[in-house]
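The values are calculated or read from the model by the stated rules, or taken from the named source; none is laboratory data. The shown structure was predicted, so the numbers you read here are calculated from the model rather than taken from an experiment. Methodologically, a virtual Cβ is constructed for each residue, glycine included, from the backbone with ideal geometry; neighbour enumeration extends over all protein chains shown. Note: accessible area is taken over every heavy atom of the protein model, side chains too, but ligands, DNA and RNA are not part of it. Shrake-Rupley method; radii C 1.70, N 1.55, O 1.52, S 1.80 Å.
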Amino acid sequence: MTDHRTTAAGRTAVGPAWRRGAVVAALMLAAFTFNTTENLPVGLLPLMADDLGVSLPAAGILVTGYALTVVVVSLPLVHATRAIPRRHLLTVLLGLLAAASWVSALDAVSYGPLLAARATTALAQALYWSVMGPVAVGLYPPERRGRIIGLLSVGGSMATVLGVPAGTWLGGHAGWRTPFAVLGALALVSLVAVALLLPTSRPQESHSAYGVAPDRRRFLAVVTVTALSVTGVFTAFTYVAVFLDEVGGFDEAAVGAVLLAFGAAGLAGVTVTGMLLDRFPRATLAVPVTTQTLALLGLYAAGHSQVAAVALLMLLGASVGPAFMASQSQVLQVAPGRTESALAANSVAFNAGVAVGALFGGGLFTAVGVCGTFLAGGLLTAGALAVLARERGAR
């Protein structure tokens, strides 16, 4: 039975503070685990290809196929599961994550079963990212939606700074299957916490099931901004290692350090921005999209300077995570229907941007060189800024 407490603000919160905090922590851990699982093969691709006896492009499908699966299934899965109590649904999703991770860790697994395990994880992640936010913010008063989304984003961002580097190191020393076994154990921890602590209720009973101020025009603008800004950054960032080598003149060891600085700046960005989402909802989206534009165009113009390249890449890192986090928070505010469907649409825009950006950048890289990818990425992000300006001017 759902336990309701009334806060000083006169709003309804669900359960005692320790219980709500533990559930949010479990959801943060699951976000970290999903994001690490999604991106871990990037660092282990040569090891995986060699062990599985497949080419690097075939191994790369383990990454690109994952993102495309999320794009295709997000909205249908959200619609099909919209009436299922979230405790039951999240328990199943985390169970799938744990099981698929352990299948990936089996010594006997070959390329086909591994691809199936990755597809299973992508199915679970597609739905998880759509329901995680409404579940977490539904435990707290509506005026704290932005802060809770910020915490969840910190969990996801830790995958870039800690999860993937640590998993890559562990895979290099103990075999590429070992980090997947660890990720399965982390998923089990989240599963147990959610199964024991999250109250059982129908999704539509929570205030988080619907937007605070439904606005279809604003919602479409935010999703468009997500698509353009993510396409812009991945048009360029997919080839950042080549850019740092050919344009910046960094050696291989320095490239790794620069990318670590990029991830650390991203974590700092989402941490700071998360505290401001509720107070400045529009600015927390407009500012990182603006700084992303400046960073990409700045890298195109001044990336030959190593000092400028490091500074601008850190600015880019501090922009990308906060921009998507702010768009998620805005979607929760202005969703014209159920919030999980709106979040699924924003997730589709994000993952489509990743895939389209990588493909577009590849074509540009071949045609005009790596600098052209950063110019194009900056122009696409400037287009996202134009959408925000037009939407604001129409009000």
The stretch 274-371: helices (runs of 4 or more DSSP H) wholly inside it with 1 or more residues that are modelled with pLDDT under 90, among the hydroxyl-bearing types (Ser, Thr, Tyr) and more than 30 Å from Val212 (Cβ to Cβ) are 339-368
Scanning the stretch 128-148 for residues that are open to solvent by 10 Å² or more (accessible area, probe 1.4 Å), in a helix (DSSP H, G or I) and under 21 Å from Ser201 (Cβ atoms) gives Trp129, Pro134, Val135, Pro142, Glu143, Arg144
Apart from one, (1) more than 30 Å from Asp50 (Cα to Cα); (2) of a type outside the set (D, E, K, R); (3) within 22 Å of the chain's Cα centre (by Cα) all hold for Pro142; the odd one out is (3)
Note: among Gly172, Gly263, just one is on the phi < 0 side of the Ramachandran plot, within 23 Å of the chain's Cα centre (by Cα), part of a helix (DSSP H, G or I) and not hydrophobic (A, V, I, L, M, F, W, C), namely Gly263
Q. Just a yes or no: is a residue in the stretch 233-256 more than 22 Å from Phe365 (Cα to Cα), open to solvent by 10 Å² or more (accessible area, probe 1.4 Å) and either at pLDDT 90 or above or of a type outside the set (D, E, K, R) (or both)?
A. yes
Quiz item: Is there a residue being in a helix (DSSP H, G or I), open to solvent by less than 10 Å² (accessible area, probe 1.4 Å) and in contact with a Ser or Thr (Cβ under 9 Å, 6 or more places away or on another chain) anywhere in the stretch 198-205?
Solution: no
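Each row is one residue, and each column tells you yes or no for (1) open to solvent by 40 Å² or more (accessible area, probe 1.4 Å); (2) farther than 20 Å from Gly321 by Cα; (3) of a type in the set (S, T, N, Q); (4) modelled with pLDDT of 95 or more.
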site: Gly155; (1), (2), (3), (4): no, no, no, no
site: Ala159; (1), (2), (3), (4): no, no, no, no
site: Leu162; (1), (2), (3), (4): yes, no, no, no
site: Pro165; (1), (2), (3), (4): yes, no, no, no
site: Gly171; (1), (2), (3), (4): no, yes, no, no
site: Trp176; (1), (2), (3), (4): no, yes, no, no
site: Leu191; (1), (2), (3), (4): no, yes, no, yes
- [ ] For the stretch 145-157, state whether one or more residues are over 30 Å from Ala105 (Cα atoms) and over 17 Å from the mean Cα position of the chain (by Cα).
- [x] yes
Output for Cβ contacts, cut-off 9 Å, separation at least six or different chains, first residue in contact (Cβ under 8 Å) with a residue 40 or more places away in the chain and over 18 Å from Thr291 (Cβ atoms) in the stretch 367-389, second among the aromatic types (Phe, Trp, Tyr) and open to solvent by less than 40 Å² (accessible area, probe 1.4 Å), reads Val370/Phe243; Cys371/Phe243; Thr373/Phe243
Counting only helices (runs of 4 or more DSSP H) entirely within the stretch 11-120, those with at least 2 residues that are touching a residue at least 40 places away in the same chain (Cβ under 8 Å), under 18 Å from Val137 (Cα atoms) and open to solvent by 10 Å² or more (accessible area, probe 1.4 Å) are 17-52, 86-105
